[in-house]
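Structure first, then comments.
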Amino acid sequence: NDLLNVSRIDQGKVQNEPQLTDICEVVKAAAAEIDAEAQKKKVAIDLRLDKTIPKMIIDPKRFRDVVENLLSNAIKYNIMGGKVVIAAMLASNYIYISVSDDGIGIPNKDQERVFSKFYRAANADKSDTTGSGLGLFLVKSYVEEWGGTVRFQSVEGKGTTFYLELPFNVKNST
């Protein structure tokens with residue numbers, strides 16, 4: 001699926017279906033969906049969602065893909081018994097979302113390529129995890145198409161936090 005989605009992005013054929021969406025409910029559903037994976041690694045998921053965030057116009061399927069990818073990575077590259085915190089808040093006409101873990105982190109030398117297609121950090125390849133190296137490329141592509149930004153902070157051996165900033169009432173252009 002990731003490969004098909006990347007192909008659609010490259011061809012400018014992403015089919016967005018924006019609709020009024022409760023992003024907190026999407027985040028909760030994504031966390032529930034990935035809970036079994038978290039339980040296998042004894043990783044706790046802590047949701048810190050501002051319940052006053054109103055519904056916004058966004059493609060709920062693509063938004064869920066973004067959240068699931070970030071949560072999946074936070075669990076996959078976390079330590080046994082670690083923690084993942086996902087927070088969402090509304091401020092100044094933007095929705096701010098962060099996903100933090102206390103996992104293996106991303107080495108400094110790999111950080112500039114994190115959003116590249118098929119790229120996996122050296123320590124991710126050494127860990128006992130699988131992945132296509134496409135998820136973060138998709139996250140960045142979708143978020144930027146919505147007029148938002150994505151960035152991260154990471155310290156190897158201590159963890160990573162991804163930050164999304166989405167304009168409130170974002171509308172997809174395609």
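The values are calculated or read from the model by the stated rules, or taken from the named source; none is laboratory data. These figures come from a predicted structure and were not determined experimentally. Quick reminder, even Gly has a Cβ in these numbers, built from the backbone with ideal geometry, and neighbours come from all protein chains shown. We work out accessible area using only protein heavy atoms, side chains counted, and drop any ligands, DNA or RNA first. Shrake-Rupley method; radii C 1.70, N 1.55, O 1.52, S 1.80 Å.
A few points about this structure:
- Applying a threshold of 7 Å to beta carbon distances and a minimum spacing of six or more residues, or different chains, the list of pairs starting in region 84-98 at a residue that is more than 17 Å from L71 (Cβ to Cβ) and ending at one that is in a strand (DSSP E or B) reads M89/Y96; N93/P167; Y94/E165; Y94/L166; Y94/P167.
- Enumeration of residues in region 61-104 that are open to solvent by 10 Å² or more (accessible area, probe 1.4 Å), over 20 Å from D50 (Cβ atoms), small (G, A, S) and over 9 Å from the mean Cα position of the chain (by Cα): G81
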